[in-house]
Structure formats: C-alpha cells, structure tokens
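Q: Provided herewith is a single structure, encoded as structure tokens, for subsequent inquiry.
The values are calculated or read from the model by the stated rules, or taken from the named source; none is laboratory data. Computed from a predicted structure; not experimentally measured. Glycine gets a Cβ as well: all are built from the backbone with ideal geometry, and neighbour counts include every protein chain shown.
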Amino acid sequence: DGGITQSPKYLFRKEGQNVTLSCEQNLNHDAMYWYRQDPGQGLRLIYYSQIVNDFQKGDIAEGYSVSREKKESFPLTVTSAQKNPTAFYLCASSIQGVGYGYTFGSGTRLTVV
Amino acid sequence: GQQLNQSPQSMFIQEGEDVSMNCTSSSIFNTWLWYKQDPGEGPVLLIALYKAGELTSNGRLTAQFGITRKDSFLNISASIPSDVGIYFCAGRNFGNEKLTFGTGTRLTIIP
C-alpha cells in the first residue's frame, strides 16, 4: 500500500546533538513538507520542497536543515542551534497542481534531554 | 505565517451530541479541507470542498464551503467516542501548493 512513513516514532537525544528524522513516501508525490507541533498547538511549517534538489524555508526554519536528493525522501535534521527542539514532527506530501490536500505521516516525537 | 481562526478552541460534549465548529479567514480560498488528528498520530483528511456554497457529507460528518469563500463549517452528528481528537481546517488556492492551516478544535467526549 502507498503511504508516507516517518521513523522512528519516538526519538531521544541529548542536548547539543544533531538528530535526523526520516520521511519516505511511495505515493509518487512531488511536494513534501515538514511541520512542527507543540502540545495543544497547531501546525507550523518548517521546510517544504516542490521538486528534487530544491526546497524553501517555512515559517520556523531556524535551527533546522533538510535535503531532497530523491523524490521519495525528505529528511529533516534538527541541529544544536534549535533552542527548543522537543516537539512532535510531522511530514506530509502532496501532488503538484491538484487541489487535494496533504497526506501526513504518523509523526516522530522528539525529546531532547 | 497566517493561520486560520477556528472556533471553538476546545469542546467538551457527551456521547450522542451533535458538534459544530467553524473556520474563518481574512482572505479567500478556492479549496477548503478538514482534517482529524488522533492523539499521537498525523492528521487524516476527512472532507475536501472545492466550490463556494458546496455542502459535502462523509458519514456523520458534514462540511460546508462558505459563500464568501472566507469560511468553512464542520458538523458531526451523534458523536461517538472515536470522534475524540483535534480537528483542523485548511485552505488552499490554485497555483499555491501550500496549505494554510487553522489553529485546531480539540474535541473531548465526557463519559
């Protein structure tokens, strides 16, 4: 079955360490997105990519980095420069040019101790 | 970035009650979407609306695309325990791939 997979589901890291969150989709979607969700909060856009080897900053890109070397993959690195990295991270994908919504992954909960 | 205003922010209801929530924007959209997020999971698309005035149902859920194109409404009839979660609206315009999300409505069912 086609879908979007985020791994791992739970991630623990020590403060000051970089950590990479995985996002893979087999839906043949062109666009991919990373969102951050804090407890009781809405979704805030970190980065998005509409095509391979190209990506744009969202509203809260500081302290994060991404790459899009393959259409299927859009990993997010949370760097030590991110001051409050503990959050729930959601990856999504969509078809270009069609008025459908996003397909979301099941999320990764990152806890920095 | 812009976020759409959803109300109410949270709802506490008893099983069997009907639920109404809405989403408003300062700008118009060509597409309105409603998502539900279960605790600890990613949002799942419930209903998509593509035309002003459109009324679309999905089981016990009914959503409407406001005539002004600046709002949308979601109703849930005869709520059941599995309706618990956060409901997000989202708007989209042609030529813009990004969705603008609402602030969310958290639905809790009281035993």
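Q: Within region A:66-87, can one find any residue that is within 13 Å of chain B (Cβ to nearest Cβ), basic (Lys, Arg) and in contact with an Asp or Glu (Cβ under 9 Å, 6 or more places away or on another chain)?
A: No, region A:66-87 has no match at all.
Q: Exactly one of (1) at pLDDT 90 or above; (2) in a loop (DSSP other than H, G, I, E, B); (3) surrounded by 20 or more Cβ atoms within 10 Å (Cβ to Cβ) is unmet by A:LEU110. Its number?
A: Failing condition for A:LEU110: (2).
Q: Could you tell me whether A:GLY16 is on the phi > 0 side of the Ramachandran plot and not in a strand (DSSP E or B)?
A: Details: on the phi > 0 side of the Ramachandran plot: yes; not in a strand (DSSP E or B): yes.
Against the criterion (on the phi > 0 side of the Ramachandran plot and not in a strand (DSSP E or B)), A:GLY16 qualifies.
Q: Same structure, new question: What tally of residues in region A:75-100 results from selecting those that are more than 22 Å from A:GLU24 (Cβ to Cβ) and at pLDDT below 95? Give the steps one after another, and end with the answer.
A: So the first thing to find is which residues in region A:75-100 are more than 22 Å from A:GLU24 (Cβ to Cβ), and the list is A:80-84, A:86, A:97, A:99.
Restricting the remaining residues to those that are at pLDDT below 95 gives A:80-84, A:97, A:99.
Selection size over region A:75-100: 7.
Q: Quick check on my filter: what residues within region B:13-43 are more than 24 Å from B:ASN96 (Cα to Cα), assigned to a strand (DSSP E or B) and either among the hydroxyl-bearing types (Ser, Thr, Tyr) or modelled with pLDDT under 95 (or both)?
A: Taking region B:13-43 as the starting set, the residues that turn out to be more than 24 Å from B:ASN96 (Cα to Cα) are B:13-21, B:38-41.
Subset that is assigned to a strand (DSSP E or B): B:13-14, B:19-21.
Across region B:13-43, the qualifying residue is only B:SER20.
Q: Ok, one more. What single numbered condition from (1) at positive phi; (2) touching a residue at least 12 places away in the same chain (Cβ under 8 Å); (3) more than 10 Å from chain A (Cβ to nearest Cβ) fails to hold for B:ASP18?
A: (1)
Q: May I ask you to list the residues in region A:9-23 that are under 19 Å from B:GLN37 (Cα atoms), surrounded by fewer than 18 Cβ atoms within 10 Å (Cβ to Cβ) and within 13 Å of the chain's Cα centre (by Cα)? Don't jump to the end; show me each part of the working.
A: Here is the first cut: in region A:9-23, the residues under 19 Å from B:GLN37 (Cα atoms) are A:9-10, A:23.
With surrounded by fewer than 18 Cβ atoms within 10 Å (Cβ to Cβ) added as a condition, the list becomes A:9-10.
Within region A:9-23, just A:LYS9 meets the criteria.
Q: Every residue in region A:27-59 that is over 12 Å from the mean Cα position of the chain (by Cα), closer than 24 Å to A:THR86 by Cβ and at the interface with chain B (Cβ under 9 Å from one of its Cβ atoms), please.
A: The answer is A:GLY40, A:GLN41, A:GLY42, A:ASP59.
Q: Can you find, within region B:47-62, the residue that is surrounded by the most Cβ atoms within 10 Å (Cβ to Cβ) among those that are without any contact (Cβ under 8 Å) to a residue 24 or more places away in the chain and in a strand (DSSP E or B)?
A: As a first pass, look at region B:47-62 and keep what is without any contact (Cβ under 8 Å) to a residue 24 or more places away in the chain: B:48-60, B:62.
Filter once more, so that each one left must be in a strand (DSSP E or B): B:48-49, B:55-58, B:62.
Values: B:ALA48: 19, B:LEU49: 24, B:LEU55: 12, B:THR56: 17, B:SER57: 11, B:ASN58: 12, B:THR62: 16.
That would be B:LEU49.
Q: Moving on. Out of B:ILE13, B:ILE109, report the one residue that is surrounded by 14 or more Cβ atoms within 10 Å (Cβ to Cβ), touching an Asp or Glu at 6+ places or on another chain (Cβ under 7 Å) and more than 12 Å from chain A (Cβ to nearest Cβ).
A: Details: B:ILE13 fails: touching an Asp or Glu at 6+ places or on another chain (Cβ under 7 Å).
B:ILE109 is the lone residue from the list that is surrounded by 14 or more Cβ atoms within 10 Å (Cβ to Cβ), touching an Asp or Glu at 6+ places or on another chain (Cβ under 7 Å) and more than 12 Å from chain A (Cβ to nearest Cβ).
Q: Specify the residue that is farthest from the chain's Cα centre (by Cα); the eligible residues are those in region B:89-106 that are buried (at least 16 other Cβ atoms within 10 Å of the Cβ) and more than 9 Å from every other protein chain (Cβ to nearest Cβ).
A: B:ASN93
Q: Got at least one residue in region A:68-77 being among the acidic types (Asp, Glu) and farther than 25 Å from B:ASP38 by Cβ?
A: Just the residues of region A:68-77 that are among the acidic types (Asp, Glu), to begin with: A:69, A:72.
Within this subset, residues satisfying the condition of being farther than 25 Å from B:ASP38 by Cβ are A:69, A:72.
Yes, region A:68-77 has at least one match.
Q: Right, next: Is one or more of the residues making up region B:64-85 closer than 21 Å to A:ARG36 by Cα, within 14 Å of chain A (Cβ to nearest Cβ), touching a residue at least 40 places away in the same chain (Cβ under 8 Å) and of a type outside the set (Lys, Arg)?
A: Yes, region B:64-85 has at least one match.
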